[in-house]
Amino acid sequence: MGKKINIAIFASGAGSNAKAIIEHFQTNREVSIELIVCNKPDAGVLKIAKDHQISTLLIEKEQFFSQKSYLEALNEAKIDFIVLAGFLWKIPEVLIQAFPGKIINIHPALLPKYGGKGMYGQKVHAAVIANHEKESGITIHYVDEQYDHGSTIFQASCVVLENDTPEILAERIHQLEYQYYPKIVEELILKLIQH
Ligand code: GRF
């Protein structure tokens, strides 16, 4: 067996993607979800972490953007790979440099459409519906210094129906996310293990 890979999941919200990833790797001895990093003390993802006995790191804005102290926590936990799952802050350059090519994100639309600053959560789905798009989907991509910009790893699409509300479309897209995000993380991790 090669090296064990430790993952940190960064999330700000409910954490349903985090949960899908945690459950996916629960029986995998080569991969461990070591840490959940969160910026909101009341985020649902913290309860998910607790239920699965995963350590959490709650970060404050000032600390995240002007200090490097959280990098120590990532080093201490021996993190190899970072998965963003509904994390709403832009990733600082220093973090990108510390994990080159090892930070990925999921966006609930078909980038490059409906991405960028302010395009998150229901706002994405509302914009897709307002523009009468016939399809939307998910984009899994590497993270660079710009919002929703790094190179695409994977996309999957779904229909947008005429009567869709942002909530209904969000649910359809969530199902795609649960279906693919854990598997794509696993594929990328396998490559890391083999190298
Ligand atoms: C997901 O739709 C993801 O694509 C986006 O934020 C949402 C997070 O949902 N980046 P959850 O917290 O995983 O339930």
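The values are calculated or read from the model by the stated rules, or taken from the named source; none is laboratory data. Source: prediction; values computed, not measured. Please note: Cβ atoms are built from the backbone with ideal geometry, for glycine as well, and neighbour counts cover all protein chains shown. Note: areas computed on protein heavy atoms with side chains; ligands, DNA, RNA excluded. Shrake-Rupley method; radii C 1.70, N 1.55, O 1.52, S 1.80 Å.
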Discussion item. Give me the one-decimal nm value for the distance between modelled label points at K191 and T165, 7 Å along each residue's Cα-to-Cβ direction.
Written reply: 4.0
Worksheet entry | Projected label distance in nm at D42 and H149, using a 7 Å step from Cα toward the beta-carbon | 3.3
Fill in: Solvent accessible area, Å² - F99, 1.4 Å probe, full protein context
20
Fill in: Extension gain, E72 back to K113 (0.36 nm per residue minus Cα-Cα distance, nm)
11.2 nm
Practice prompt. List, largest first, the extents of the alpha carbons of the stretch 53-97 along their principal axes, each in whole Å.
Written response: 28, 22, 19
Practice prompt. Using only Cα atoms, tell me the angle between helix 166-194 and the longest principal axis of the chain; keep it within 0 to 90° and round to the nearest 10.
Written response: 40
Practice prompt. Round to a whole angstrom and tell me the spacing of the C-alpha centers of the stretch 120-178 and the stretch 13-92.
Written response: 22
Worksheet item: Label-point separation (nm) for Q26 and K123, each offset 7 Å from Cα along Cα-to-Cβ?
Response: 3.5
Worksheet, complete the sentence: Percent antiparallel among DSSP beta bridges confined to the chain, rounded to 5, stands at 40
Worksheet item: Leaving out same-chain residues fewer than 8 places away, which lysines sit with a Cα under 20 Å from that of K61?
Response: K40, K90, K117
Item to complete: Report the full-extension gain for the segment K3 to K50: residue separation times 0.36 nm, less the Cα-Cα distance, to one decimal in nm.
Response: 14.3 nm
Fill in: Radius of gyration, Dmax [the chain; alpha carbons; angstrom]
16.3, 51
